[in-house]
Amino acid sequence: QQASDGVVKIGILNDQSGVYADFGGKSSVEAARMAVQDFGGKVLGVPVEIVSADHQNKPDVASSIARQWYDTEKVDAIMELTTSSVALAVQGLSKDKKKITMTTGAATTDLTGKQCSPYGFHWAYDTHALAVGTGGALVENGGNKWFFLTADYAFGYSLEEQTSKFVKSKGGQVVGAVRHPLAATDYSSFLLQAQSSGANVIGLANAGLDTANAIKQAAEFGITQGGTRLAALLFTLAEVKGLGLKAAQGLTLTEGWYWDQSDENRAFAKKFMDKTGRMPNMIHMGTYSAVLQYLKAVEKAGTDATEPVAKLLHEMPVQDIFAKNGKVLPNGRMVYDMYLFQVKKPEESKSDWDMYKQLAKIPGDDAYLKVAESGCQLTQ
Amino acid sequence: MSSAPLLEVRGLNAWYGESHVLHGVDLDIREGETVTLLGRNGAGKTTTLRAIMGILRRREGVIRLRGRDLLGLPLHKVAKAGLGYVPEERGIFASLNVSENLMLPPTVAEGGMSVEEIYTLFPNLHERRSSQGTKLSGGEQQMLAIARVLRTGAKIILLDEPTEGLAPVIVQRIGDVLVELKKRGMTILLVEQNFRFARKVADRFYLMEDGRMVNAFPGHELDARMDELHEVLGV
Amino acid sequence: MEFRGFVAVKDVTLSVNEGSIHALIGPNGAGKTTVFNLLTKFLTPTRGQIVFKGADITRMKPAEVARLGLVRSFQISAVFPHLTLLDNVRVALQRPSGLATQFWRSSNTLAALDERAMELIDAVNLSSYADLPATELSYGRKRALEIATTLALDPAMLLLDEPMAGMGHEDIGRISDLIRRIARNRTVLMVEHNLNVVADLCDRVTVLARGEILSDGSYDTVSRDPRVREAYMGTEHE
Amino acid sequence: MSTIFGVPAPALYGQILIGLINGSFYAMLSLGLAVIFGLLRIINFAHGAQYMLGAFAAYLLLSYAGIGYWLALVLAPLIVGAVAVVIERTMLSRLYGIDPLYGLLLTFGLALILEGAFRYWFGAAGQPYAAPAQLTGALNLGFMFMPIYRGWVVVASLVICLGTWLLIEKTRLGAYLRAATENATLVQAFGVNVPLLLTLTYGLGAALAALAGVLAAPIYQVSPLMGSNLIIIVFAVVVVGGMGSILGAIVTGYVLGVLEGLTKVFYPEASSIVIFVIMAIVLLVRPAGLFGREE
Amino acid sequence: MAVGTQYLAEQPKLRTSSMVIGAVVVAALMAAPFFFYPVLLMSILCFALFACAFNLLIGYVGLLSFGHAAFFGGAAYFTAHAAKVWGWEPLTSILLGMAGAAAMGFVIGFLAIRRQGIYFAMITLALSQMFAFICLQVPFTHGEDGIQGVPRGHLLGIIDLNQPLAMYYVTLAIFLFGFFAIWRIVHSPFGNILKAIRENERRAISLGYRVDRYKLGAFVMSAALAGLAGGTKAIVFQFATLTDVQWQMSGEVILMTLLGGIGTLIGPIVGAGFVIALQNYLAASDFPVTVLIGIIFVVCVLLFRRGIVGEIMELTKRKSKQSA
Ligand SMILES: Nc1ncnc2c1ncn2[C@@H]1O[C@H](COP(=O)(O)OP(=O)(O)OP(=O)(O)O)[C@@H](O)[C@H]1O
Ligand SMILES: Nc1ncnc2c1ncn2[C@@H]1O[C@H](COP(=O)(O)OP(=O)(O)OP(=O)(O)O)[C@@H](O)[C@H]1O
Ligand SMILES: CC(C)C[C@H](N)C(=O)O
Ligand SMILES: [Mg+2]
Ligand SMILES: [Mg+2]
């Protein structure tokens, strides 16, 4: 039994101050600490330490932090990695450095597709799951002419691509798309462009505050009154809370976890709430689960060396509060069940965080791409 | 002429950056007097006026107005103390029209001329009161520059080469105005190269050379000293 | 020439003969410096034409005019203040020698120009200050340095704006001699207030007042012209 | 649906309106910059930060003191103006008379401090700020929906610009300001307290920026970086308009805003650079700017 | 009128002693990677070269460019694209980046030198921001992702740059080359004319110098050297992103130069080392780096405009004057 350099160090690298700070941010660091605590605080007889940093959604900032963590601070694995551009950069660097990453904050399927890594794991939702869930629900309700408002980076491209594919496969068409930079402030001109394209669904292939702002401004310009529907392709509890039920009501969205689904969830959520002042969303939970699973694998491998731990992570089933009967594909994709929710009307909500009605459960095998379709070269 | 001088300058030194331009200038002006500074180009006449006003900040020596020290005052307080300045380059503001230019300097004391009086004195200005300041002819600009300080009630006006570059008729006109001002008891410190013009109004002359006062004499001695002046002034 | 509607120089027809020393005089603000600025293209004339050595230079850029051999000095002395005297003169020598655009060579190559530079500095009696930064010179010596720098270009025609302003008597004599010497195979147009110098040095005098030519001719003709006396010393109407 | 040059009319009008709104902010900000530059000869790089401060002042007034939009519209500019007065007295005033580039660098540093501090306290993400109840909702103009608040912004900015213009062109204070812009020393030699005038001018310019910030808060998020990207576009506007001119700043602001909006209709990819392209062309043809004078 | 005010008249005594100091510094730089984190050192070297290139313009021509990030970041994109997409050898990729930066320098410089002083600063800023917008839009830069995973490759096909030490020494060599180039330009006949122009532009014109061409020449050289730094950085960090083309980066390089000492040859290096080390140190803490950078800016402008090196030189100069 051996852990190199007397400590197992896990880095939580995420957005703590930018447009995606609510997705995970400092609360995710708390979730990781809870996982360490729940695991017992030590592994292989050495303490487990959590370090964290804010990457400001900049891949270059993230990769130089990661590089330094690996080179000089003995960090063994990095988790969360909000934002696809960051996740791809850090996973790529980690592949060269032979270190494990477990992504919960980014969505692009490229992480386990074209740019997959033997040491990279994708632990929560991805763009395919969102396309199938939210995209599917809208197509079923007659949304057959789509216009995309796409965040101009890996995540946006991937979400637009997956959703378009899905829409087209169901007989719909895509009438146009515009790309906007991360954290654009004014979406009104993009929305007008979308409106004049004759689309009946505006697919918001962005996230966080970007999506929230687009939704608000769509209302301002009477776009939804005109019968055009908005597809908030990535929207979590945190954004619904930020936007408020009044503006968000009726939106359909896909998430992988909700606090009010079971007693177990409610109990965990309360603990989390006490520490952070908010209910966890699927990203907080994903980070919790990733840390926990990593520690389990280290324990089982009897070492924190990358190769054996990565091998075990691929093999071990995932069974915790976040994922029931989760399994990890050879490309690093963790497959588990997703849910389709609808945001409640204000009058339906009974408490502060009572916001979702569950519409459907999406079995993991439907939500996520098969290895063969993923385009990952590792496994051939 | 025993009364204490209204304006008293003693041992005034002044610098532009590193270059030392005035070397201990002494000067007295009594109430109601018109004093003219003569000197070659670059002798330091303008610099003397600028140093007295405080536009040129790097200076040493004594400057007193009615015994009150002016050297330590911030620039805007000097005007309030009763000095009116008509710069060599006239300083008419292009972005202001004639009447705005005229009204610009704040009143510093009672007893300034009223706008009507000024317009009577300078009928051309009245005609052109709403045209842009710098659209005036050179002579009109000079009149405006003088008129501007008459309104404020300043006790002394410092006039820098009011006839420079002006046609003889206009020079004549400005001469008349100065005579009129003198009659009204205004104290004037005049810088002039054109001493034929200056003799009409000047009670006394100072002669400057290389930043020093080299001579002083009463107005009536001008003719007698013509040759000497020609020599010094190089004309 | 107009500044925002103010006509500073109008209808000036001035011809300077090759090989002469020509003075431009007139009271303050007459437009002398403005004429210089027009000739050397630091200002563009509103109307009119300027011909130098048979070529029309009315629309040229200032640097081009200088390259043709029409070089000026400035009324407010213009030196490179933090360069040494030697460097000041060398800057001028560099251009005709082609040692100006070479950024890959050491500046030691400029030593080749030192001899000529020292000659010029010597000509204006500044050799003992050659290694001093120009800023430390007195005003009059700066003017002398400026003349040396101007001469370094070996111009066909020099425009000197008040070259003697601020100089002591001995200096004036020396610079007069220098100007006389250099004018042997060159043309000089100079602005000068010191009429003794003008009388002594110049072949021809043009008097400017209020932007117009008042009189033109030899010093004697001009100085007897009553209009000139009037412009300088004012009217006597009493 | 009617079309104009092959573009649906609602899209065209919509984008022109949005352009006009952006133009309103360009105009208000470049106006403040022009006033400050004219007298202090300082390019106020902190202008964007002061705009941001205005928005934050409104936000903080609401969240900590319960003070609503209308009062904030008055209070925020006063607060920011006061801060600016302190900045001018303690720092900028030491830089008069030396190379104006130092003023640019100083205010650049100030902008970094302000933005960094607010980012530290509030995160880079924006804070929402609701439009006042009186101005919510939209008007259906038939050809498009016009959010009432945005209409208000256009009207308000026109009034502000016109008011400032009148203040400068028609009042005695404005005459001091114009004259001091040409020759401050002489104006002071006439007995005008020019140092005070400088201080007030900087305060006024900053207050204008803050006012724009309050107006912007309900449209954009209240975010620490809201001013930093805008300010560079405003610089370009100022270069196009010509640095000295107040009228140039206002007119160019609106015109470029609308042009930018039109570009979004006809060639959206170029919309973010169109102002800079125009700047380059103006530089080639008229280096002093459209309304500027050669210095 | 230039920001760079102090101007150092060359003294022969200084020259020999600076040769000795130079040799010591180079030796120290050779040994440094055994004592410090090489990536940090390489980062400092890249930024030091960038700052030196910037200083060439402000310190010796008196032009404050507020848009140098465009050359630095632009070159990074070109180099990264060549190395990653076209599979070019690293040095040729860097040279391509440098050439690209020079070309951009020509275009931006051509427009900007039409105005002076503050206007020049604003115009370079606006044009570089325009370039940043273009980078955001054209596909080859990959938007917010940037160009990731740029291969370090083998220098001239031989030396494997994935070895940290090899990469370090190559970076050092490039830095020294760039620094020497700047030193040469400053002390060349051309540099002499630049100084003259900065001292008195009208006089230089009246001597027949086409001043705009000299300024543009210097601008292009400065841009090319900034590009050399940016291209190298792209290979070292295997990355090219928007961060490097944005105006904040232009601000940072100004700060490095101002802090170290405008118009001194080694000031920018000291400034860059200081700023990068500081950022690195603060990255781990909670303290907002931009606030500190802003404070340094304000303090420099208000209290010591000569910068660290400039103030030290002034002190020694004053001392030697006193003793003399
Ligand atoms: N702004 C300045 N900077 C440096 N030196 C100056 C400045 N203004 C004037 N001087 C110098 O100071 C000296 C005195 O100049 P001043 O303007 O006082 O002369 P003046 O007697 O008024 O001459 P003029 O009759 O030409 O107006 C001259 O040598 C001049 O070169
Ligand atoms: N850039 C300018 N803008 C406006 N007016 C100017 C400008 N330059 C000169 N002038 C005006 O043009 C006229 C002629 O000026 P100029 O400098 O040519 O006179 P000068 O004959 O050289 O006088 P001095 O003997 O004082 O040098 C003056 O009235 C002056 O005020
Ligand atoms: C936090 C998330 C919004 C990040 C986003 N899903 C991405 O992949 O970039
Ligand atoms: Mg004078
Ligand atoms: Mg002159």
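Things worth noting here:
- Projected area, mean over directions - the protein assembly as shown, Cα convex hull, nm²: 59.5
- Cα-based reach from A:Lys246 at 21 Å (exclusive), listing lysines while leaving out same-chain residues under 8 positions away: A:Lys216, A:Lys344, A:Lys345, A:Lys350, A:Lys357
- Taking θ as phi - 60° and the Karplus parameters 6.51, -1.76 and 1.60, the scalar couplings of region A:336-346 work out to 8, 6, 10, 10, 9, 10, 10, 6, 6, 6, x Hz in sequence order, x denoting glycine and proline.
- Long pairs among A:Lys99/E:Lys84; A:Lys58/A:Lys270; A:Lys97/A:Lys296, criterion Cα-Cα beyond 30 Å: A:Lys58/A:Lys270
- Of all DSSP beta bridges confined to chain A, the antiparallel ones make up roughly 30%.
- Spatially proximal lysines relative to A:Lys165 (Cα-Cα < 21 Å; intrachain offsets below 8 disregarded): A:Lys114, A:Lys145, A:Lys370
- When chain E is described by a simple charge dipole with +1 on each Lys and Arg Cβ and -1 on each Asp and Glu Cβ, the residue from E:Val39, E:Val138, E:Ser222 located farthest towards its positive end is E:Ser222.
- Only Cα pairs under 8 Å and 6+ residues apart enter the sum, and on that basis the relative contact order of chain D stands at 37 percent.
- Across region D:30-93, counting alpha-carbon atoms alone, Rg and Dmax equal 13.0, 39 Å.
- Local electrostatic count at A:Val46 - Lys and Arg +1, Asp and Glu -1, tallied over other residues with Cβ under 14 Å: -2
- Shielding by partners - mean other protein chain Cβ count within 10 Å, residues of A:57-66: 5
- Here the protein assembly as shown carries DSSP beta bridges of which approximately 45% are antiparallel, counting only pairs with both residues inside.
- Taking a Cβ cut-off of under 15 Å around E:Phe47, the surrounding Lys, Arg, Asp and Glu residues balance to a net charge of -2, with basic ones at +1 and acidic ones at -1.
- Region E:32-121: projected area of the alpha-carbon convex hull, averaged over directions, in nm²: 7.1
- Set against the 2.2 N^0.38 Å expectation for a compact globular protein, region D:41-199 has a Cα radius of gyration ratio of 1.27.
- Under the criterion of Cα pairs below 8 Å and six or more residues apart, the relative contact order for region B:7-233 equals 29 percent.
- Considering only region A:40-150, percent of DSSP beta bridges that pair antiparallel, nearest 5: 20
- Calculated translational diffusion coefficient of chain C (4 °C, 1.567 mPa s; Stokes-Einstein with Kirkwood radius over alpha-carbon pairs) equals 69 µm²/s.
- Neighbourhood net charge (15 Å Cβ-Cβ; Lys/Arg +1, Asp/Glu -1) for A:Lys216: -1
- Candidate lysines for bridging to C:Lys61, where Cα separation is under 19 Å - those fewer than 8 sequence places away on the same chain excluded: C:Lys41, C:Lys53, E:Lys215
- Spatial separation of Cα centroids for region A:304-340 and region A:1-46, in angstrom: 17
- Principal axis dimensions, chain B - Cα atoms, whole angstrom, descending: 45, 40, 38
- If you take the Cα centroid of region E:263-324 and the Cα centroid of region D:255-295, the two points sit 38 Å apart.
- Peptides ranked, highest mean first, by Cβ atoms within 10 Å: ranges D:98-108, E:162-172, C:218-228: D:98-108, E:162-172, C:218-228
- Where Rh is the Kirkwood radius over Cα pairs, Rg/Rh for region E:180-251: 1.13
- Highest-first arrangement of E:29-35, B:153-159, E:264-270, E:53-59, where packing means the average Cβ count within 10 Å: E:53-59, E:264-270, B:153-159, E:29-35
- Pairwise Cα distances in region C:79-154 exceed 19 Å in 28 percent of cases.
- Of the peptides E:221-230, A:347-356, the order by per-residue mean of other Cβ atoms within 10 Å, starting with the highest, comes out as E:221-230, A:347-356.
- Counting neighbouring beta carbons within 10 Å and listing from fewest to most, the residues A:Ser158, E:Ser128, A:Ser64, D:Ser93 come out as D:Ser93, A:Ser64, A:Ser158, E:Ser128.
- Centre separation in Å (Cα based) which lies between region E:122-170 and region C:41-104: 43
- Mean shadow area of region B:30-152 over all directions, Cα convex hull, nm²: 8.6
- Here chain D has an Rg and Dmax of 19.3, 66 Å, counting Cα atoms alone.
- Alpha carbon Rg of region D:120-221, scaled by the compact-globule rule 2.2 N^0.38 Å: 1.52
- Against the empirical curve 2.2 N^0.38 Å, the C-alpha radius of gyration of region E:154-212 lands at a ratio of 1.85.
- Percent breakdown of C-alpha pair distances by 20 Å bin, ordered from the shortest bin, for chain A: 31, 58, 11, 0
- Structural descriptor for region C:79-154: relative contact order 51 percent, calculated from alpha carbon pairs under 8 angstrom and at least 6 residues apart.
- Under 16 Å between alpha carbons - lysine pairs in chain B that sit 8 or more apart or on different chains: 6
Read the figures in this text as sums done on the coordinates, not as results from a lab. Keep in mind that what you see is a predicted model, and the values were worked out from it rather than measured. Quick reminder, even Gly has a Cβ in these numbers, built from the backbone with ideal geometry, and neighbours come from all protein chains shown.
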